[in-house]
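Chemist: I have a structure I would like to understand better, so I am pasting it below and will then ask my questions one at a time.
The values are calculated or read from the model by the stated rules, or taken from the named source; none is laboratory data. Bear in mind the structure is a predicted one, so any value in this text is a computation, not a measurement. Note: ideal-geometry Cβ built from the backbone for every residue, glycine included; neighbour counts use all protein chains shown.
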Amino acid sequence: MIEARELTKTYGSFHALREASFIARPERVTGLLGHNGAGKTTCLRILTGDLTPSRGSASVGGRDVLAEPRAARGAAGYLPESAPSHPEMRVESYLRYRAALDRVPARRRAAAVDRAIERCWLGEVRRQRIGRLSKGFRQRVGLAGAILSDPPVIILDEPASGLDPAQIVETRRLLRELAADKTVLLSSHILSDVEAACDDVVILARGRVRAAGPIREVAERHAPPPTLVAEVRADAEATAALARELPGAALIAAESHGEWTRLTVRTSGDARESFAAAARERSVPIRELTLERPSLERVFLDLLQPPPAEGAPAEAAA
Amino acid sequence: MSAFASTGAIALRELASYFRVPLGWVVIALFALLSGVLFSLTLAPGAPASLRTFFNLATWTMLFIAPAVSMRLVSEEARAGTLETLATSPVASVAVVTGKYLGACGFLVAMLAPTLAYVAALEVYADPDYGPILTGYLALILSGMIYLAVGLLASTLSTSQTSAFLGSLFTLLLLRLGAAQGGRLPEPWSQIAFALSLDLRTDDLAKGVVDLGGVAFFLAGSAWFLALAAVALEARRWR
């Protein structure tokens with residue numbers, strides 16, 4: 001479990017993170033979604049102990065990152081963005097080194113390295129120098145390093161970057177497997193990645209948490225009201241009058257093409273029946289009647305924008 | 001126990017990395033060449049069978065070699081991003097710094113090892129006095145250790161290897177200059193300069209005088225710079 005409590009990180013007057021609070025639950029994959037510069041990496045760096053927050057606190061695997069920093073660091077395996085490693089080392093010796101850093105007891109190190117190599121499909125390159133590997137393999141070496149000590153929490157910064165589609169699918173499968181008994185938190189700026197890989201989502205915009213929870217729930221909770229689209233044989237004025245009778249109606253457009261008028265109206269719920277009834281009452285023929293719900297993508301794209309009230313111009317890499 | 005394991009793993013990786021990149025071999029080769037030329041020049045029939053000239057030169061070249069050996073210790077990892085891996089592992093900053101330091105010290109010993117051939121040569125052709133030779137090596141290693149500790153601190157404070165090199169070189173030159181020219185300073189300062197002088201203590205050792213206080217001076221000085229480096233590494237989390 002990861003718990004962030006009002007995490008704030010400021011650089012001078014720039015807020016990389018503002019009072020960000022969220023929870024990543026065990027046995028689930030949580031995606032931290034946001035545009036570049038939204039504060040994702042800053043947030044992950046605080047959770048992994050690389051950075052100290054300006055305000056707020058967090059716990060990782062039940063350990064407070066400020067009160068017990070080393071225990072909290074030990075509870076999380078971390079794959080930083082771009083998966084840095086020592087290019088001159090061979091995969092196997094690098095992982096043995098990482099195992100020693102992560103306090104894996106000496107007698108269990110070889111087995112832990114073998115297991116990580118197997119889980120991250122590194123068998124064929126285990127004796128190669130890391131510098132000679134492709135980006136995809138280097139990413140897997142970093143992933144293997146993160147899971148070596150079998151920590152209760154796995155944190156990954158943009159794990160899909162630089163991977164080809166097949167590798168992305170493989171990585172998702174591995175993360176799913178890891179989530180069987182771990183808390184997995186990953187960051188991404190690509191909505192479809194988060195949708196495909198995660199159960200829960202935390203949406204960051206300009207350092208603030210805009211929404212958090214299971215993906216479907218977040219989408220439903222933040223979805224704008226649906227729009228009703230109808231095409232009727234009446235002039236624009238009469239059609240608009242029809243629309244105004246609907247509950248909570250807000251007219252978007254009523255455009256006439258010949259004797260037909262196309263109507264788009266936002267209503268508080270599914271108003272198809274009431275619209276049809278009203279049209280029948282006035283003997284207005286209908287040739288199209290649809291309820292358009294905004295796509296998941298639309299909902300998330302709106303959430304990813306910073307709230308309009310905040311026009312802070314600062315746009316810094318974080 | 002596991003803290004020692006992490007320190008040991010860091011030290012071994014560091015030591016091995018010197019031999020995985022050209023820098024390590026270049027430094028060893030240049031040092032062997034320079035000291036070998038010098039040693040053969042001092043060999044003459046009837047000359048005293050000592051390594052004094054070699055030790056004098058080696059102490060001076062150490063001023064340049066130690067910063068070159070230590071410049072990459074932390075700054076290279078900061079540049080490559082692997083420092084993030086160290087910083088997010090459950091290893092304490094003191095253990096990271098100590099491991100890196102021990103690795104660099106190990107390289108120094110590896111660099112000096114080939115010079116034992118000169119001792120062997122003296123043994124074959126003459127009858128050397130082993131006292132000054134042992135204390136000479138001791139002085140060389142002890143001053144190398146404190147130089148590396150200064151260099152490690154400089155490397156922790158900078159993400160550029162060049163500025164780490166120059167920073168430690170100038171600090172070391174200042175320390176040695178202070179000792180050499182300390183007598184010209186007004187009162188309490190000249191005493192401080194002498195008290196901090198590395199030269200006076202290496203000179204004692206070179207003469208074959210082993211003073212425990214002197215040895216402790218080098219070790220405590222190294223520990224002091226290591227502690228500063230650990231603090232600087234920990235302070236990175238507050239950036």
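Chemist: Taking the criterion of being at pLDDT 90 or above, surrounded by fewer than 12 Cβ atoms within 10 Å (Cβ to Cβ) and hydroxyl-bearing (S, T, Y), would at least one residue in region A:279-286 satisfy it?
Modeler: yes
Chemist: Additional query: Among the candidates B:A3, B:A9, B:A78, single out the residue that is within 14 Å of another protein chain (Cβ to nearest Cβ), at pLDDT below 85 and assigned to a helix (DSSP H, G or I).
Modeler: Unique residue meeting the criteria: B:A3.
Chemist: Moving to a separate point now. Listed residues B:A104, B:A95; which is more than 14 Å from chain A (Cβ to nearest Cβ), modelled with pLDDT of 95 or more and assigned to a helix (DSSP H, G or I)?
Modeler: Going through B:A104, B:A95 in turn, the sole match is B:A104.
Chemist: Name the residues in region A:105-125 that are in contact with a Ser or Thr (Cβ under 8 Å, 6 or more places away or on another chain) and at pLDDT 95 or above, would you?
Modeler: Passing the criteria: only A:A112.
Chemist: Separate question: Let me confirm something: among B:S155, B:S143, B:S190, which residue is modelled with pLDDT under 90 and among the polar types (S, T, N, Q)?
Modeler: B:S190
Chemist: With respect to A:R210, determine if the residue is among the basic types (K, R) and part of a helix (DSSP H, G or I).
Modeler: no
Chemist: Next question, about the same structure. Which one of these is in contact with a Cys (Cβ under 9 Å, 6 or more places away or on another chain), buried (at least 17 other Cβ atoms within 10 Å of the Cβ) and hydrophobic (A, V, I, L, M, F, W, C): A:V141, A:V104?
Modeler: A:V141
Chemist: Just for region B:181-203: of the residues that are in contact (Cβ under 8 Å) with a residue 12 or more places away in the chain and under 20 Å from the mean Cα position of the chain (by Cα), which one is surrounded by the most Cβ atoms within 10 Å (Cβ to Cβ)?
Modeler: B:T202
Chemist: Of the conditions (1) in contact (Cβ under 8 Å) with a residue 12 or more places away in the chain; (2) surrounded by fewer than 21 Cβ atoms within 10 Å (Cβ to Cβ), A:A112 fails just one. Which one is it?
Modeler: Here A:A112 meets the rest and fails (2).
Chemist: State yes or no: is B:L140 of a type in the set (A, V, I, L, M, F, W, C), more than 14 Å from every other protein chain (Cβ to nearest Cβ), touching a residue at least 60 places away in the same chain (Cβ under 8 Å) and more than 30 Å from A:L51 (Cα to Cα)?
Modeler: yes
Chemist: Whether any residue in region B:229-238 is touching a Leu at 6+ places or on another chain (Cβ under 7 Å) and either within 22 Å of B:A68 (Cβ to Cβ) or not basic (K, R) (or both) is what I want to check.
Modeler: Yes: one or more hits.
Chemist: I'd like to check something: does region A:262-274 contain any residue that is aliphatic (A, V, I, L, M) and either exposed (fewer than 13 other Cβ atoms within 10 Å of the Cβ) or without any contact (Cβ under 8 Å) to a residue 12 or more places away in the chain (or both)?
Modeler: no
Chemist: Does A:E310 qualify as being at pLDDT 90 or above, of a type outside the set (A, V, I, L, M) and farther than 28 Å from A:V184 by Cβ?
Modeler: no
Chemist: Of the residues A:G123, A:G131, A:G62, A:G77, only one is touching a His at 6+ places or on another chain (Cβ under 9 Å) and either closer than 15 Å to A:D150 by Cβ or surrounded by fewer than 17 Cβ atoms within 10 Å (Cβ to Cβ) (or both); which?
Modeler: Selected residue: A:G131, the only one of A:G123, A:G131, A:G62, A:G77 that is touching a His at 6+ places or on another chain (Cβ under 9 Å) and either closer than 15 Å to A:D150 by Cβ or surrounded by fewer than 17 Cβ atoms within 10 Å (Cβ to Cβ) (or both).
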